[in-house]
1. Of the residues that make up region 159-170, is at least one surrounded by fewer than 16 Cβ atoms within 10 Å (Cβ to Cβ) and within 18 Å of the chain's Cα centre (by Cα)?
2. What single numbered condition from (1) at pLDDT 50 or above; (2) under 29 Å from SER133 (Cα atoms) fails to hold for ARG22?
3. Going by the conditions given, is ILE108 more than 21 Å from GLY56 (Cβ to Cβ), buried (at least 22 other Cβ atoms within 10 Å of the Cβ) and touching a helix residue (DSSP H, G or I) at 6+ places or on another chain (Cβ under 9 Å)?
4. Could you tell me which of the residues ASP125, ASP130 is over 21 Å from GLY201 (Cβ atoms) and assigned to a helix (DSSP H, G or I)?
5. Exactly one condition in (1) part of a loop (DSSP other than H, G, I, E, B); (2) under 24 Å from ILE59 (Cα atoms); (3) β-branched (Val, Ile, Thr) is not met by THR93; state its number.
6. What number of residues within region 102-134 satisfy the criterion of being over 13 Å from the mean Cα position of the chain (by Cα) and either of a type in the set (D, E, K, R) or closer than 21 Å to LYS77 by Cβ (or both)?
7. I'd like to check something: does region 155-172 contain any residue that is in contact with a helix residue (DSSP H, G or I) (Cβ under 7 Å, 6 or more places away or on another chain), farther than 21 Å from GLY83 by Cβ, assigned to a helix (DSSP H, G or I) and in contact (Cβ under 8 Å) with a residue 12 or more places away in the chain?
8. Taking ASP72 as the residue in question, decide whether it is in a helix (DSSP H, G or I), without any contact (Cβ under 8 Å) to a residue 40 or more places away in the chain and farther than 24 Å from LEU174 by Cα.
Amino acid sequence: MTSMETVLRKSPAAVVAGRAARLTCSASKACIPCISAVALVLSLAMVLAGCKGAAGPRIGEVVPDFVLPRLDGKVLKLSNYRGKIVMLNLWATWCPPCIAEMPLLNTIAERYGPKGLSVVGIAGDENADDVRSFVQETPLQFDVLLDPHGAVGTEYGITGYPETFLIDREGKLLVKFIGPLPHPGGQPTPELVDVIDRALGSM
């Protein structure tokens with residue numbers, strides 16, 4: 001199978017300043033030893049080199065597995081979806097671009113679910129009740145998992161919400177989208193459709 005190229009969709013609105021500390025490596029406990037007793041000119045390089053998960057998985061690599069609860073308390077692992085194409089979306093209810101792309105994710109789940117694609121949303125809200133209220137008001141057609149401490153986002157190297165990872169049947173990263181998925185008129189663009197179709201057609 002030919003490796004797919006990384007697709008980046010950057011949006012300034014995707015990075016929410018109020019949660020930057022949670023979403024960047026510099027705020028994690030693992031970074032503290034990286035910068036202690038190091039000259040200021042070297043500290044950034046030390047942090048980037050020494051913090052686990054800072055860059056996240058690369059194209060073609062097996063992505064980190066994780067175990068997270070759903071709103072109903074059932075615990076799921078990413079590896080539970082092995083054998084399917086997974087569209088993993090990291091989002092939060094306080095992130096306007098995240099909310100704006102939820103109809104698109106519903107469309108993708110409904111259109112491609114029968115073909116072997118699973119959409120999985122990971123909500124980074126600190127309060128599960130906020131996620132529960134949102135889902136009650138805006139029903140989602142895919143699994144929503146809770147990650148109140150942002151552990152998955154840190155391990156996957158995200159810089160803000162939303163970010164989306166397309167993962168193949170063997171758990172390898174195919175494509176990473178930074179920022180909202182392209183969705184003019186609430187529908188996937190031809191480019192996004194092509195990426196999904198290529199992923200589903202690969203064996």
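The values are calculated or read from the model by the stated rules, or taken from the named source; none is laboratory data. Small disclaimer: the values here were computed from a predicted structure and weren't measured. No Cβ is skipped: glycine too gets one built from the backbone with ideal geometry, and neighbour counts run over all protein chains shown.
1. The answer is yes; a qualifying residue exists.
2. Against the list (1) at pLDDT 50 or above; (2) under 29 Å from SER133 (Cα atoms), ARG22 comes up short only on (1).
3. Here the answer is yes, as ILE108 does meet what is asked.
4. Matching residue, one of ASP125, ASP130: ASP130.
5. Checking THR93 against (1) part of a loop (DSSP other than H, G, I, E, B); (2) under 24 Å from ILE59 (Cα atoms); (3) β-branched (Val, Ile, Thr), the one that fails is (2).
6. Summing the residues that are over 13 Å from the mean Cα position of the chain (by Cα) and either of a type in the set (D, E, K, R) or closer than 21 Å to LYS77 by Cβ (or both) in region 102-134 gives 15.
7. Checked against the condition, which is being in contact with a helix residue (DSSP H, G or I) (Cβ under 7 Å, 6 or more places away or on another chain), farther than 21 Å from GLY83 by Cβ, assigned to a helix (DSSP H, G or I) and in contact (Cβ under 8 Å) with a residue 12 or more places away in the chain, region 155-172 yields no hits at all.
8. In short, no.
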